[in-house]
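For reference, the structure discussed in these notes is given below.
The values are calculated or read from the model by the stated rules, or taken from the named source; none is laboratory data. Just so it is clear, the structure is predicted and the values come from calculations on it, not from any experiment. Positions of Cβ are generated from backbone atoms using ideal geometry, with glycine treated the same way; all protein chains shown enter the neighbour counts.
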Amino acid sequence: MGAEDPAEAALGNYLVNGLRPRIRRGEASEAILAQARTILGIMNFTRRTRSDPAEMMQVLLDYVHEHGRMPKDTASQPAETQKLAKWASNQVKGILEAKQGTARERHEMILRLRQTHPAGARAARR
């Protein structure tokens with residue numbers, strides 16, 4: 001279902017598998033971005049920005065304090081809550097023993113939060 005023209009197919013492959021990931025990671029130079037802007041549709045991809053782990057951890061702690069539970073990654077939740085839930089989930093991926101420093105501390109803290117404030121729990125009425 002791809003392009004019949006070999007040059008068009010090669011360009012499509014480069015755009016999808018080469019340039020697009022570089023743009024998303026913020027690794028494409030301004031010169032390359034200027035050329036890419038001339039190609040229809042290529043600039044529909046935004047650069048990824050990495051969240052500051054300490055800041056995200058504080059947001060998570062504030063959320064748990066306010067709601068009495070871990071955030072849920074479900075369609076019924078606001079986008080920011082879903083993002084926070086995904087971030088927390090990503091922090092505990094991998095083997096704890098293989099992590100060091102602050103990554104290990106975040107992993108351990110999030111595991112403790114999950115135990116003490118599960119996502120399905122309801123906050124106590126004040």
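Values as computed for the structure displayed
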| item | result |
| --- | --- |
| Unmet criterion (only one of (1) surrounded by 14 or more Cβ atoms within 10 Å (Cβ to Cβ); (2) touching a Gly at 6+ places or on another chain (Cβ under 9 Å)) for Trp87 | (2) |
| Residues of the stretch 1-21 classified as of a type in the set (A, V, I, L, M, F, W, C) and surrounded by fewer than 11 Cβ atoms within 10 Å (Cβ to Cβ), total | 2 |
| Residue ID - farthest from the chain's Cα centre (by Cα), chosen from residues in the stretch 33-60 that are modelled with pLDDT of 85 or more and loosely packed, with under 13 Cβ neighbours inside 10 Å | Gln58 |
| Matching residues, the stretch 70-108, being outside any loop (DSSP other than H, G, I, E, B), farther than 14 Å from Met56 by Cβ and of a type in the set (A, V, I, L, M) | Ala79, Leu96, Ala98 |
